[in-house]
Each structure stands twice: as C-alpha cells, then as structure tokens.
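The next block holds one structure in the form of structure tokens; read it before the comments.
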Amino acid sequence: MTNAAEVWLAGLASTMGGQQVTAEPSTCAALATGGIAPHCVAYPTTPESVAAALRFASESGLAVIPCRNATKLPIGNPPRRYDIALSVKELNQVWRYEPNDLTVSVEPGMKLGDFQHFLARHQLWIPLDPPGGDRASLGGIVAANASGPYRARYGAPRDMVLGLSIATTEGKIIKTGGRVVKNVAGYDLTKLFVGSFGTLGVIVDINLKLFPAPACRSTWAFHAAALNGTQMFRRKLLRSPLNPLRAVLMDEGGRRLAGAPWSQGSDTFDIWIEFGGSERVIRRSIAAAIELARSVGLEPREIADDEARPGWQRITECNPPPNASGSHEVLLKAALPIDGVEEFLAHARSETGRARVPLACFAQLGTGIVRVFLLPEPPFENLFTLVERLRGAVVGKGGSLVVERWPIEMGPGVDSWGPMGDDFRVMRELKNVWDPHGALSPGRYVGGL
Amino acid sequence: MSVEPGGILPSQKARVVDSLQRLLGRDHVLYQPEDLMLYEYDGLSTHGTPDAVVFPLSTEDVVEIVRLAARERIPIVARGAGTGLSGGAVAAVGGIVVGFSRMNKILAIDLENQRARVQPGVVNADLSLAVAAEGYYYAPDPSSQKACTLGGNVAENSGGPHTLAYGVTTNHVLGLEVVLPDASVVHTGGSCWDRPGYDLTGLMVGSEGTLGIVTEITVRLCRKPEMVQTLLAVFDSVADATRTVAAITARGITPSALEMMDGFTLRAVEEATHAGYPMDSAAVLLIEVEGIEEAATEDAAQIEAVCGENLAREVRRARTSAERELLWRGRKNAFGALGRISPSYYVQDGVIPRTRLPEMMEFIASMESKYGLRIGNIFHAGDGNLHPLLMYDSRNPEQSRRVVQAAGEIITRCVELGGSITGEHGVGLEKNELMPVLFSENDLAMMRTIKSVFNPDGMLNPGKVLPTGKMCGELRVSAGAGGPGDERR
Amino acid sequence: MKATTAAGGGFVGYGPGEKPRWEEYSKCIHCGLCLNACPTYRELGLEMDSPRGRIHQMIQVDRGRLAVAESFVRHIDLCLDCRSCETACPSGVEYGRLVEAARGQIQEYYRRPAAFRLLQRFFLCQILPHPSRLEKLGKLLRFYQRSGAERVVLASGLLKLLPRHVAALAPLAPRMEKPFFTERLGAVVPAEGPRRYRVGFLAGCIASLAFARLNEATVRVLARNGCEVVIPAGQGCCGALQVHSGLRERARELALRNIRVFEDGGFDAIVTNAAGCGSVLKEYPQLFEHEQQAHYTAAQAFSKRMRDVTEFLDEIGLNSSFGRLERRVTYQDSCHLLHAQRIRSAPRNLMAHVPGINLIELKESEICCGSAGIYNVLHPEMASRLLQSKMKRVDESEADWIVTANPGCLLQLSAGVRASSRPERRVMHVIELLDEAYECNSASGRRI
C-alpha cells in the first residue's frame, strides 16, 4: 500500500467516526469488480457516516462503489478507479413498519430473504424475485431496479419504492418522495435513483409499499414442441383474464438449469406458470390455462411444490449453473417488446448454434424480458461478436441488451449497456451535478458515467 | 442561476406574433386580449394572462416555438385541456401558452405488446374508448378523464379512483418525446421496459411542465378484468367507516377502488344524482374489487364480512352494470353536487397513511368548528388521499380568508401524520410555497439543481412547483374551483 | 350604458332585460368537463368555442372586461345550443339558459349586418309565426322542387352567384310533401281499440309542410297505442328558433298562442315528434320567469303535460304487435332529446320492441350532427365538419338505417347520406320505424 493510500485511509476512518474500515486483502478481493479490487472496505453504521464517507471520497478524489452482498457487482463496465467499497451491511434495520398501511421503511443492507421472512408474520411480502434471490440486498435491488418474472403482475422496484433517503457526495442526506402510497409533491427524484446503480448517491433508507401475500400457490409446466406453439399460448394467455403470479418460457438449456428432468426433446420448450390466490381462484386459473394450452397443442403437467420452489429459485436467481465451471458463463438481459420474445429466442438459438456456444434462456411472459446464459468453452474469441449480434437484434426491435455478467477471465467484454440515445447528454449533466468529482462508481454505468 | 421571466415586452409582441403566425398559420395564434382572457384559468382558478396562445400540430412546430421563445427570452407554458387543479397550465407571469388541442392523434395501438403511442392532446377517456372493443383500457382514471389530456396527466402524474390497485400515471408511461428549453428533442424510455440509463421518463412524469414539453407519449394498456364487483357499505359513524378502510387492507384484499363519502356530501350527491345513497347515514364506502370471477366474488364476500365486523349498517352489491354506473355516477359528480348547495368551494388534496384516517377525520371536523365552515369529505380512502371540500361564499372576503387558513392547517396536519401536501392534483402555483413543510432545504436544493439541468433559465412554466421564496409557507389559494381568489366571481 | 375600453370594443356590460346572471353562471366551477362534450370545441380546440369559455366570456361581459362586440358575438353564435355540455356538467349549470340569455342581449344590443337582420326578421318573425304565409311559401317551394326547376338551378351553378349562407340552404332545403299536414289541423283521430289516453298533438310549423308524412305516422302510431289524438286548430310555431336566436319577445307571443290553444283540451299529454321543439315547449316557463305570474303559471301547467312522443310511448307501455324488420339500425341521439330533455333510453327501448331490428350503438351518438335548428344555414362550414365526422361514425356502424328523433336531424343526416358513398341508406324518425313495423304486421296495411 502506498503512503498516499495510508494517509487517506486514516482520514476516512476518522471521518467515519471510528467505524470499521478494513484494508484486509481478502475482504477487498471479495468485492472486486472488472478485475479491480478496492483498497479498503468501509462499513458505515449510520446514514450520516455514509454521507461523511462520500463527502470525504469526493473531496479527496477517491472512487467509491456501494455494495452489500456483491450480487450486482458483476453488472456494469470495469470501474475507471476503485478505492473504497462502501458496504451497507451494517444498515439493515426495519423501522416504521405499518402492516395495516402496507408500508415500511427499511435500510439498504437488509437482505431480501430476511425481509420476506420478516413480512411473512403478517402474510405480507414484497413481490420481487430478482437475480441474486434471497441474498440480494434491498439497497442493491433498488439501485439496480432489479426484478424477475413477478414483474408482469406486480411491477418493478420502480413501482414499489415510495421514497428514499440518499447520501450525497456533498455529505448531505436528502429525502425523495415520501411514505404514503400516493404523492405528487415536487420532482419524482425517487425514479432517478431507482436503477441508477449507485452512480448518483448512496441509498440509506427505503420506503416501500407492501403487498398481501397470496394464500396458496401452484405451479404448472406447459410443454411445447416448438416456439410457434408457445407463442400462440402466450398470446392467448395475455389476452385472457388470467393473472398468474409469474410465467416464464424456457428452452431446454433453461429447463436443465431449472432442474426439470421430465421433459425431453432438445428443440422443445416449456412454460412455467405459477398461480396464486385462494384455492378456488387457483383451481379455476389452472383449468382455464390447461384449456388454453390444449387448444394450441401444449401439454400441461403439474409441478409438485417441493420441485416448484427450488425450480423457481434457479430460474430467477440467475446463479452460475452448478455443472458448468462457474467462471465461464455470460449472463445477458434482453428487454424486448412483449410480443418479440419467441422471435428473439429463435434468433439467439441460431446465432449461438452457429458459434457453437451452449445457451439457456428464460423469457418472462408479459414483460418481454429475457435472460440468456451463454455457456462457452475456451477459447472465447467469437463471443464478443456473438453478443454484439444478439444486441443488434434486440436494439433493432426497440429494446436493449445488458451484459449482467462477463467473467474477467474471458478478456475485455462488450460494453455492458449498449448504445445510448439522444437523452444521454441529459444523463451526463445529471451525473455531473450529483457527482461532480466522479466519486461514485466511475466508468461503471451507461456511456462511461 | 435562474432569471425570473416576465412575459413579452410590448416592443417584442408584434414581432413575436408575426413569427408565430408565419410558423403556424394565422388561425393557430391567439394574441388579442379578448381571446387571451380565455386562457387565464384552469380547473383551479384564474391566475395570469398569457401574451400569446399557440396551437402546434407537430413536434417540429413545438421545436420552432421553443426556439423562438428561447431567442426572445419568453416563458412558455404547455397546456392540455386546462382541467388541472393546481394552476399548472396557466401562464403565471405571462408568455406563450402552447395549447395541445390539435396534437390529439393516437399514433399507434399495439395490442400484442399492450402499448399505445399518442400525442399529448389525446383525451384520457378517448384512448380507453379506442381499445375498449378489444378488451383493453388505459388504467389511470382521473375524475376529469372525459376531458383531460394525456399530456396533462403526464405533467401532473394524475391519479384517480382506480389507481389504488393499478398505480398512477407514472406506472403506465413507458417513454416520452420531450422538447427541452434549448429546442432540442430527446426521447426517454421507449416501448420496452428497462432501457439502461437514468429513468428520465420517471423524472419527467409529474414535473408539471417545468423540465420539458412532452410531444409524444408511449403508454401501457391493460386488459379489462373478467368481473367487477361494486359494493356500497353504509355506516352510522364516520369513525366506523374509516376504521373499515384499514381493516380491508389488513385482510389482504387490495380493492381496485375504495372511496369514502361523508353523510353531508352524500346527501348533496343523492339530491343531485338519485344514485340511491341512503340519506340518513353518516358515511358510505364505495368499494370495487375485480379480477377473475372467483377472485372478485371471494373478495366481495370478504369485504362484506369486514364491513359487518366494523358495524356497517348495510352493504349493497351492484347487481347490474347499470347499478354499478349509478353508484359511480354519484361519486364522479360529487364535487359538482356540492357546487349546487354552496356558491363556492375549495377542494384540497392531501395524503395521509390510511391508518390515520380516523384521527384525520376528527381533525377536519374540528376545523369546521374552529373556523365556522362546512367541510365535505369525499376521497380516495384506500390510499389515504383526502379531498376535503371547504364551502363558502366567495363574495364574503372574511369567510374566504378563513377557508384558506383551515385548508392550510389541514394540509400541515397531513404532513405531521406522515403524509404529503398533494396526492394527485400537483403543486403548481397553489402549493409551491408549502413545499418547505414537506421537504428540507437540502431536498429542495436538489430539486432546484435538477431543474437547472433541464431548464436553466427558468423559462418553462415559471413560478410552479418550487417555492419562489416570495411568500412563506402559505397556500396560494386563489384556489379551489372558484376558490377564494377566483377573480371571476 | 357607458363608452368603454373593454376588450373587443363596443359597449361594456349587459343592457337591461334578460341576461346571464351570477346565480346561474357562478355554478360553473370551470372544471372543463364540458370541453370534450362540445362539438365546436372538439372541432376547433379553442377555449373560446367551448362551453366553459363561452360562460367565461359571458362573465367577463358582466364584469365589464369584455364588450358585446364582434368577438363575443362570433363565439356565442357558433354555439349549437345542443346542450351536450349540460349532460357533462357535474355542477348542474344550465348552459342553455345562459346562452339563450346572452343571445337575447346580442339581439337587443348588437347591430348585425343589415342583410342578416332583414333575412332573420323576414323568416323568424314574418313567416314562421304565420301559418298561412308559411303555407304559401311552402307551396311555392314545392312547385319549385317538383317542376324540375330545382334540378335546372342546381345543375346550372346559378347557386354560386348567391351569398354563401343562401347557397348552403339548397341541399338542405326540406322537400315539401303533399298533402301538407296543415290540412289536418282541427282534426280528432280516434284511438284504435279502447281509448286509453287523450293527447294533443303539436304538429310544428315547418314540419307540417316538410314532414307531413312523419306527422301522419305519429298520429297513426299514437292511435295504435290507444290514444285519441287531437290536433287543435290555431296552434303554430313553437318559438324554438326564435329562442335560439335571442328573439325572446317574439318567442313569448308564440308560446302564449300555443299555451292557450292546448289549455282546455283535457289532454293527458301534449305530444310532439320534434325534439328541438319539445325542449323549448318544456321550457316555456323560463320565458315567463320575469313576466306576469299568470302567464308563468299557465306555462308551467302546459310544460308539465308536454312529452316527446318517444318518451310518452315508452311511459305508457308500447303496443308491440309489430311485424319483423330485419335491419341493422343505428341511432343518433337528437341533442335536444338527450341533452335538453335527458331522454336517452326511451327511443332505444321502443326500437328494441321491434323484432328483427339489430340496434348498433353509434359511437359519439351524443355529439351533434350539425343540424341544430337553422345552425347549418348560418354556420355551414362548422355544420358540414360536424356532419362529416358524424358520417364517418355512421359508416363504421355499417347500419342500413339511421334513426333519430328530430326533423332537423333528419334533414341534416339525409344531406350527409346523399353525399356519402352509400346514398341508399335510409334516414328515419323512430316513429317512422315503428309505423313501418306496425304496417308490415297488418295484412291489410290499413290506413286511418
């Protein structure tokens, strides 16, 4: 460690009021991203010390990446600089919990799994199934606006966050939105922070809207021999009054990841649908879905609860596949028009087939969001082109493709975010206003912000 | 940082009008006093006369108007149908009003992708009507939906009774085309979810025309539910009704709408609409649940039970769509019904956590006696969005003053209870001086900074949203449809 | 009145007499819910040509900020008085009353071009109120239409030489029918079967000439429903056009004449088949609010018995011995039935009784077709824009027949159909549809 680093480390520690700052190499290495590890990890215990740390960093020309369980660290380009990993691990309290108002304030370090457990006491939940699953922290989920297949019915963090407290690089704590479910006072800065990947400020408190948990659940799989069958089924489903909790279309690669051993056929597809509600509602929904499925030649099959739960976890968590060597997989998130998922799947399958790269796809029905795993073997030379071609196809449909994981061993990756539009200059100005010295995750976000 | 603009100088006017006429044609530029006085008001009241009103037909027209205004340093105010309730569409300090009544085309409807692309002048209800036959609708349903425009909805982030389950405008807007004050055009969001980058769409929605002028909107369309159940629960005390509201959500039911009307209001409504509301009750809840048949009927049965447990005298269920329409007609015409019995009223818009409804209703009642006023209550109880209607005679200045004070106390109380100063009507120039009650100086400084990024010279809709610092913590109530400051009365 | 600096020039404030009053206009909370219901706002998108804007202008005149001058008159004139805004208004603003009062002021205190005044006086004051003069003019017109002269004129392009308003009249001019219904004045038509009701029939002035067959059908249908139909002599023009034009004194004279004629007939109801007339007939009391109490009371008694024929038939329970009419039909609400009289379901209910009729709801059926009394003559451009929008909706409905409930609407829609791609479409009154359905049930096709 250089002398200069030792000086600022001491300064940071004193700024944060004796709270824990560690430069322990293995701790730092665990929070590396893009092949770069921070010089230290700070664990502020109050929002104020987050703000103090940010101000210190900003004034000292240091770069901070906020984090917790590192589930989002793989998303984004390698940082230009990376001095401090700011872990919100110690900020994990729930407070102002009002079950009858269906609102709560929670700190960003709270893990999703713990939070759901907490809410379950009152038959409440937060309907999010983002990558990272239970391990993901609420701060990270909100900062990434991360969501999974529940989104079609319930929306994304964007739709559930009522207000935020943000520590800024000026060392201030500002409040956005409020604690009530309806509020149009002033600019909706909440929206600006949700999904900003920690590049504008650090979330220190989150006001959330809560939801009553469904009384019962039931998952069914619908097997199709080809994509035109799943397309007809999806269209009918989306036009029907049915409102499942979530629905995902997967190819055989996805099926393998989900651990669904019964289906066969390498060019076949499955749609998993989870229904929720009272038993009567579920019974009727299943009957209607089966009828729809049969009318277009899909085979229904019930998934037992003990299979469904881990299956959905594997589908939504997007963890590295157990059998593949963990470091050799690329995770892409394509956002397409709702009606464009089958065409994209077909395209992706033919592109990857030509490049001889195995893949696994999970396409959400009703949102147009597809997560694609590429499972290449070394050497990885044509991978760059492959991802660019897939991106080209998505962007051509008005969508976007984000590289959510690109192992560093595979060499410099494709830009994580893809091309920017004519509103990028506004984004850059906003970034300059909030983070004039580039203290927050420099270079990681869109367009090199 | 920002210059406070002040309309057109007399020396400029002829030149500006001439340029605008050459740009848009003579028929689409208003500049005579007898025409301009028709653009002094919106749904709130009368506030400021524009120097010109123009009606563009395309984004290109808007760009040219903005370019001209920037060159001449003239403020610009965008206007839809002028049904807003916080003064958002009036030219507070003069300038050019850009009316969107000609940009009223539905540009594309894409049902397979559940999207529509529209110009900002499209009337909210017309979009739903256009897709109704296919079983779709546009979810946010402000009470003015038959007249208000989607551009105005975007600017104000409008709500409505059914936003309890489906969210407000911001939850249904996917992308925008925006003309910025420097006459550049930017496209935020898109037709797909999750475009990488900051959520500028979310920031624009509800910015009340102070960050940019929206010229195109991409929205989500929703499927109509299989079944709707509408219930009317009748209570002998306001407290029982308000307790029931929280009890329903505590039961794990999310109604699509949950509206409350107090006895005073419902008697007025009943006399005007003959919706069949019981004249002798203290409060009613109008509750709607929907979904597939099984879900709607189960929820309705549960709600009946909850209402019973909370001492509802009676719960009626609409049996036909005509009965349902009748129950809603009473609700939707409530403001007007009160207008029949009071020469003027001032409608407020505040939010509290729904569990605080019982104490808030008591507080409002105490305001009645403290200020010697009649206050009607009709509001979106499910999300704690209050609309107290303070009744008075605008010809009585003393009474008008008391109305403003009482309204101010009510709004302040909302904030003390953990709520907000506005749930759906917006800040505009009615409540910008109240913003410090809700936000700290740091919060407001950040909002100012945001504004300076988009609108550095303050030329877009000046005098709205952020406090001007000229008044201190007061409602600028020239308010209320025909409110105390309504010049016309 | 004093000289002024009010916007628009001219005089400040209202003159003596009826005028828009605070008690009425202060009910307007300028919420704007009327905007999209207003045909002229929908076409022009201008606040001045919206109900809210027109009320605002009336208020500004009252406050001395705006003059009763060219601008004010133009926007008040352009109003169709269709009263669609009253249906949309949550506050119960009586817009029709306000605009009619404003027009009274304009008529009284604003000097229109001489030619306009001349034509207006001639038609509204010298012709319409006088049945005999009207009949003579009708015969003249009938001769013109039947002799072939009309075809010659239309083909010759001679019309182009006429002023715009007069030229616009040509395609709209009602076909004079033979025989005129005026021949039936004084008649009493017995009920078919036992007499259930005794009704007075108000035949209408122009309708008696140009809609004689509709009037005959109305009498037949009423008789088939157990009504003894009396067509009192001495009745005349209802005064609607005069009210809409602000000629309130003339309207009062006409009203009194009708009130007297029907006063002592012992009628269960007084019936009209013209929604435009009906709304004014029902509002006769408004004309006498500031007049002698006795006149006001008589007007009230009259209006209480006044019924639109569809309303009346729906009330008494329709004799539904109809034959089958296999037709795709759409219904255009007549503004003065729907908005002024608030009658929406009655005509639909009646048609629903006829077997084989497939009633397709017309989109925007509540929006005016542009007829609005003599509006289509005075404002041909706006009227034809509205008619074009209307015909587009009719095309969408793919209906064989367009049904409505007012002679003015029949004329306007017929003009629309003639100019459309499907000129064979029929335009008919609800009553004509019922009459035909009765006819095709009776083997003999008897006539009364």
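The values are calculated or read from the model by the stated rules, or taken from the named source; none is laboratory data. Just so it is clear, the structure is predicted and the values come from calculations on it, not from any experiment. All Cβ positions, even for glycine, are placed from backbone atoms using ideal geometry, and neighbour counts span all protein chains on display. Just the protein is used for accessible areas: all its heavy atoms, side chains included, with ligands, DNA and RNA removed. Shrake-Rupley method; radii C 1.70, N 1.55, O 1.52, S 1.80 Å.
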Fill in the blank from the handout: With a Förster distance of 22 angstrom and the Cβ-Cβ distance between B:A365 and B:D393, calculated FRET efficiency to the nearest 0.05 equals 0.55
Problem - Average partner coverage of B:383-389, which counts Cβ from other chains inside 10 Å - result: 2
Exercise for the section: On the full set of protein chains, 1.4 Å probe, figure out the accessible area of A:R80 and give it in Å² to the nearest 10. Expected result: 150
Practice task
Return the subset of C:K136/C:K282; A:K175/B:K146; C:K178/C:K363; C:K304/C:K363; A:K182/B:K332; A:K111/B:K451 for which the Cα-Cα distance in this structure is over 24 Å, preserving the input order.
Solution key: C:K136/C:K282; A:K175/B:K146; C:K178/C:K363; C:K304/C:K363; A:K111/B:K451
Exercise for the section: Find, among the trypsin sites (Lys or Arg not before Pro) in the range A:310-381, those assigned to loop by DSSP (not H, G, I, E, B) with at most 14 other beta-carbon atoms within 10 angstrom. Expected result: A:R356
Problem - A/B buried area, accessible surface, summed, 1.4 Å probe, Å² - result: 6800
Exercise for the section: Subtracting the Cα-Cα distance from 0.36 nm times the residue separation, let me have the gained length for A:I408 to A:K236 in nm, one decimal. Expected result: 57.7 nm
Exercise for the section: List the residues of the range A:280-296 whose backbone N lies under 17 Å from a point placed 7 Å from the Cα of A:N228 along the Cα-to-Cβ direction. Expected result: A:295-296
Handout entry: Length-normalised contact order of chain B in % [C-alpha pairs under 8 Å, at least 6 apart]
Key = 17
Handout entry: For chain B, calculated [θ]222 nm from helices alone, where every DSSP H run of n ≥ 4 adds -39500 (n - 2.57)
Key = -10500 deg cm²/dmol
Completion exercise
The answer for A:V204, listing residues at least 5 apart or on another chain whose modeled amide H is closer than 5 Å to its amide H, is A:S165, A:I166, A:A167
Exercise for the section: Determine the gain in length on full extension of the stretch A:S295-A:T27; use 0.36 nm per residue of separation and subtract their C-alpha separation, reporting nm with one decimal. Expected result: 90.9 nm
Problem - Low-density loop cleavage sites - GluC sites (Glu not before Pro) in the range C:302-378, where at most 12 other Cβ are within 10 Å (DSSP) - result: C:E326
Completion exercise
1/(1 + (r/R0)^6) with r = Cβ-Cβ of B:E309 and B:R71, R0 = 56 Å, i.e. FRET efficiency to nearest 0.05, evaluates to 0.25
Exercise for the section: Please report, to one decimal in angstroms, the Kirkwood hydrodynamic radius of the range C:22-109 built from all distinct Cα-Cα pairs. Expected result: 12.7
Completion exercise
Relative contact order as a percentage, chain A, C-alpha pairs under 8 Å and 6+ apart, gives 17
Fill in the blank from the handout: On the accessible surface of chain B, probed at 1.4 Å with all protein chains in place, carbon and sulfur together account for a percent value of 51
Handout entry: Max mean-square fluctuation residue, GNM over chain C, Cα-Cα springs under 10 Å, options C:P285, C:P423, C:P347
Key = C:P423
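When the expected Rg is taken as 2.2 N^0.38 Å, what fraction or multiple of it is the alpha-carbon Rg of chain C?
Details: Rg = 21.7 Å, N = 448, 2.2 N^0.38 = 22.4 Å.
Rg over 2.2 N^0.38 Å, computed on Cα atoms: 0.97.
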Fill in the blank from the handout: Lone Cys, chain C, Cβ cut-off 4.7 Å -> C:C28, C:C31, C:C38, C:C79, C:C89, C:C125, C:C227, C:C369, C:C409, C:C440
Handout entry: Paramagnetic reach from C:F123 in the range C:344-383 [backbone N under 11 Å; point 7 Å along Cα→Cβ]
Key = C:373-380
Practice task
Skip the ligands, DNA and RNA, and give the accessible area per residue of the protein assembly as shown with a 1.4 Å probe, whole Å².
Solution key: 35
Exercise for the section: With a 1.4 Å probe and every protein chain kept in, tell me what percent of the accessible surface of the range A:3-89 is carbon plus sulfur. Expected result: 54
Problem - Loss of accessible area when B meets C, both sides summed, Å² nearest 100, probe 1.4 Å - result: 3000
Exercise for the section: Choose one answer from A:D423, A:D114, A:D159: the residue with the largest mean-square fluctuation in a GNM of chain A with alpha-carbon springs under 10 Å. Expected result: A:D423
Exercise for the section: Check each of the trypsin sites (Lys or Arg not before Pro) in the range B:412-475 and keep only those in coil by DSSP with at most 13 other C-beta atoms within 10 angstrom; list them in order. Expected result: B:K470
Practice task
Putting +1 on Lys and Arg Cβ atoms and -1 on Asp and Glu Cβ atoms, find which of C:Y296, C:L140, B:S342 reaches farthest to the positive end of the dipole of the protein assembly as shown.
Solution key: C:L140
Fill in the blank from the handout: the protein assembly as shown: spread of alpha-carbon positions along the three principal axes, whole Å, largest first, is 113, 72, 69
Handout entry: Cα-based radius of gyration of the range A:216-317 once divided by 2.2 N^0.38 Å, which approximates compact folds
Key = 0.99
Practice task
Please work out the Cα center distance from the range A:335-369 to the range C:370-398, rounded to the nearest Å.
Solution key: 52
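Translational diffusion coefficient of chain A at 4 °C, 1.567 mPa s, Stokes-Einstein with Kirkwood Rh over Cα pairs, in µm²/s as a whole number.
Taking Rh from Cα pairs, D becomes 57 µm²/s.
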Problem - Positions from the range B:429-450 whose accessible area shrinks by 20 Å² or more when the full protein complex is built, not the chain alone, probe 1.4 Å - result: B:L438, B:F439, B:N442, B:D443, B:M446, B:M447, B:T449, B:I450
Exercise for the section: Only Cα pairs under 8 Å and at least 6 apart count here; give the relative contact order of the range C:274-346 as a rounded whole percent. Expected result: 42
Fill in the blank from the handout: GNM of chain A, Cα pairs under 10 angstrom: of A:W95, A:W125, A:W312, the biggest fluctuation goes to A:W95
Exercise for the section: Calculate what fraction, in whole %, of the accessible area of the range C:303-448 sits on carbon and sulfur atoms when a 1.4 Å probe is rolled over the protein chains. Expected result: 46
Handout entry: Reference-scaled alpha-carbon Rg (2.2 N^0.38 Å with N residues) for the range A:244-303
Key = 1.18
Practice task
Would you mind giving the mean number of other chain beta-carbons within 10 Å of the Cβ of each residue in A:417-428, as a whole number?
Solution key: 6
Problem - Sites C:K304 and C:D264, calculated FRET efficiency, Cβ-Cβ separation with R0 22 Å, nearest 0.05 - result: 0.90
Exercise for the section: Name the long-range amide H neighbours of B:V97: under 5 Å, sequence gap of 5 or more, or other chain; modelled H, no Pro or chain starts. Expected result: B:D51, B:A52, B:V53, B:V54, B:V77
Handout entry: Base-10 log of normalised Debye intensity for chain B (one unit scatterer per alpha-carbon) at q = 0.11, 0.13 Å⁻¹
Key = -0.92, -1.26
Exercise for the section: Using a 1.4 angstrom probe on the protein heavy atoms only, line up B:R26, B:R402, B:R243, A:R234 by accessible area, largest first. Expected result: B:R26, B:R243, B:R402, A:R234
